[in-house]
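Notes follow the structure.
No value in this document is a laboratory result; all are computed from the given coordinates. These figures come from a predicted structure and were not determined experimentally. Positions of Cβ are backbone-derived with ideal geometry, glycine not excepted, and every protein chain shown enters the neighbour counts.
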Amino acid sequence: MPGVVDRDPNRVIVFDTTLRDGEQAPGFSMSVEAKLKMAEALTALGVDVIEAGFAAASPGDAEAVRRVAGEVEGPIFCSLSRANESDIRTAYGSLQSTPNRRIHIFLSTSPIHRAAKLNMSADEVLETAVRSVSFARTLFDDVEFSAEDAIRTEPEFLADVMEAVAEAGAATLNIPDTVGYSTPEEIGRIFAAVGQRVARYPDVILSAHCHNDLGMAVANTLSAIANGARQVEVAINGIGERAGNCALEEVVMALKTRGDLFGVHTGVDTTKLVSTSRLLSALTRSPVVRNKAIVGINAFAHEAGIHQHGMLADARTYEIMRPQDVGFDGTKLVLGKHSGRHAIAQRAEALGYPLSGNELGHVFASFKRRADEIGEIDDAELISLIVAATAERGGVHAA
């Protein structure tokens with residue numbers, strides 16, 4: 001049936017919201033053409049669901065959803081929608097060109113949102129949620145419901161809402177940490193409790209959508225998985241509102257690297273993570289910081305002499321993943337003021353200048369002085385140092 005993902009109980013569905021929650025954050029806006037390029041890359045990456053936008057937000061968003069869903073093939077395509085018939089119809093109109101369509105309805109459930117944002121009672125929220133899901137099921141086979149600000153919602157009321165919308169036909173129940181407020185222990189308890197309440201709907205999938213306001217989006221997402229979530233809502237490079245969303249590349253590689261702990265897997269081709277990250281960076285003109293986990297240029301780079309010595313002996317001493325597994329060519333041993341003799345000798349030999357004994361010591365002393373002056377030493381600079389230093393001692397010749 002269209003819109004159905006493989007229901008292997010050990011497979012985590014990857015719902016990518018780079019084009020919706022990610023793109024709506026300041027500094028990350030994309031044109032329709034950029035969204036199409038990104039959607040093609042996400043499809044090649046192997047994500048299961050692409051949230052292409054919020055069709056009712058603007059005519060431009062509706063057009064972007066329509067074109068992405070109509071011109072890219074493979075994943076399930078999704079539009080966000082408020083809990084009203086107008087939004088739901090607009091989403092359906094933008095997704096008509098694909099049989100693999102999903103609507104993602106959201107409605108606030110927390111006391112602060114009910115009072116300050118919706119001016120609705122708990123009973124009214126529950127009624128609106130059920131009514132919107134029931135109507136959406138007349139147009140969509142695949143309906144997801146999201147309880148906005150779920151973490152700050154009374155646990156019993158959250159479970160009541162989730163049970164009611166499951167009964168109304170929602171196949172995916174999203175429990176978002178909308179404001180990045182939760183902790184791993186707390187969110188784990190919430191997922192476990194909701195899971196118990198909806199256990200009589202065995203085909204329903206619990207989904208985690210965690211924001212990073214306190215820097216715990218990935219940790220919270222992993223805790224949700226450990227407590228029954230089988231869909232994660234993520235974005236490339238962790239882009240999204242405020243401090244961003246759970247980073248796709250981080251949670252996917254955590255599940256892969258610690259398969260012994262989680263016992264689940266995704267359908268993502270991890271060798272495409274770096275290229276997908278760099279495409280998004282180019283399209284949004286937002287550079288990825290050097291120390292970004294998984295895809296930052298320092299993720300597999302080593303300068304400290306002790307680390308470089310260990311890496312030369314066995315990469316597993318300091319790398320828990322192979323750089324090739326995420327799309328890098330290999331490990332980078334950066335030559336700088338913290339580097340040791342082993343790294344200098346290894347790089348010099350690779351460049352055709354075998355060094356040992358006093359020759360290596362003399363070059364190494366020159367290297368340290370120059371590294372203190374300019375920082376990183378590239379190949380050209382290293383060769384220059386070797387030639388200058390060894391010329392004083394009778395010369396060293398390239399092999």
Cα-based count: Lys pairs in the chain below 20 Å, eight or more positions apart or different chains?
9
The range 109-163 - convex hull of the alpha-carbon atoms, volume per residue in Å³
75 Å³
Can you list the residues, at least 5 places off or on another chain, whose amide H is less than 5 Å from the amide H of residue 102, using H built in the peptide plane?
77, 78, 79
For residue 356 and residue 116 in the same chain, what is the full-extension length gain: residue separation times 0.36 nm, less their Cα-Cα distance, in nm?
79.2 nm
Enumerate the calculated ³J(HN,Hα) couplings along the range 211-227 in order (Karplus 6.51 cos²θ - 1.76 cosθ + 1.60, θ = phi - 60°), each rounded to whole Hz, writing x wherever the residue is Gly or Pro.
8, 10, 4, 9, x, 10, 4, 5, 4, 5, 5, 5, 5, 4, 4, 4, 10
Send over the Kirkwood Rh of the range 1-143, from the inverse of the averaged 1/r over different Cα pairs, rounded to one decimal Å.
15.7 Å
For residue 45, what is the net charge nearby, where nearby means another residue's Cβ is under 11 Å from its Cβ and Lys, Arg count +1, Asp, Glu -1?
-4
Rounded if a/c is under 1.5, else prolate if a/b beats b/c, else oblate: with a ≥ b ≥ c from the C-alpha gyration tensor eigenvalues square-rooted, which is the range 179-227?
prolate
Angle, helix 357-374 long axis vs. longest principal axis of the chain, Cα atoms, 0 to 90°, nearest 10?
50 degrees
Summing +1 for each Lys or Arg and -1 for each Asp or Glu, what net charge is found among the other residues whose Cβ lies under 10 Å from the Cβ of residue 244?
-2
Based on other C-beta atoms within 10 Å, arrange 297, 187 from fewest to most.
297, 187
Inverse mean reciprocal Cα-Cα distance (Kirkwood Rh) of the chain, Å:
23.1 Å
For each of 117, 37, count neighbouring Cβ atoms within 10 Å of the residue's Cβ, then give the residues from fewest to most.
117, 37
Kindly put 283, 107 in sequence by how many other C-beta atoms sit within 10 Å of each C-beta, fewest to most.
283, 107
Taking 0.36 nm per residue of separation and subtracting the Cα-Cα distance, what length does fully extending residue 374 through residue 313 add?
19.2 nm
Based on the Cβ-Cβ distance of residue 290 and residue 43, what FRET efficiency does E = 1/(1 + (r/R0)^6) give at R0 = 25 Å, to the nearest 0.05?
0.30
